[in-house]
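Worksheet: the structure to be examined is printed underneath.
The values are calculated or read from the model by the stated rules, or taken from the named source; none is laboratory data. If you're wondering where the values come from, they're calculated on a predicted model, not measured in any experiment. Ideal geometry is used to build each Cβ from the backbone, glycine not excepted, and the neighbour counts take in all protein chains shown. Only protein heavy atoms, including side chains, enter the accessible area calculation; ligands, DNA and RNA are left aside. Shrake-Rupley method; radii C 1.70, N 1.55, O 1.52, S 1.80 Å.
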Amino acid sequence: SEDRPPLFIIPGVNGNVIGYETLAQLLPSEQPVYGLRSVGLNGNVGPLDQMEVIAERFIDDVRKIQPNGPYHFAGFCIGGSVAYEMAQQLATQNEHVALLAMIGTWPPSSVEDMVSTSPSAQKLAFLGEGIVRHLRAMLAQPRGKRLAYLIKKALIILEMIARRDVD
């Protein structure tokens, strides 16, 4: 809708915005929502690995839809840090970011701690946290809806594997 500025969703560590489906469904139908997709998920090109470059690429994508601010960004995990970097870059261009939602995002100072951890340990820790989070969410469902919840999550994982969105 013209009176609702679009909400741009910045992906987390897996580069995909599929986890934001519930958020998009909970927003009013008049609210435009765009999920940005990370470069390198199709296997044809390598992923970008510098925060500044990732932010520049996403800003280019955003400007194709909305040339000028005010902008609304939401990012989960490292996506929140990317959204913050996007806001910083846009501020240097005299653009305004009216909403910067950083969900489950760590402060930049802790990124150094993560880099010092081996990639395998990072992946195992991330996987373990995800399993615990989804088990809790499943148990919070009414008894008759738990299996449907698991099936929905399994289908999402199978789709990600088929599209090579996961290792």
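A crude spin-label estimate for the pair L27 and A154, with each label 7 Å from Cα along the Cβ direction, gives 3.1 nm. The listed residues I10, I78 rank as I78, I10 when sorted by accessible area, largest first, using a 1.4 Å probe.
Of the residues D61, D3, the one with the largest accessible area comes first in the ranking D3, D61, computed with a 1.4 Å probe on protein heavy atoms.
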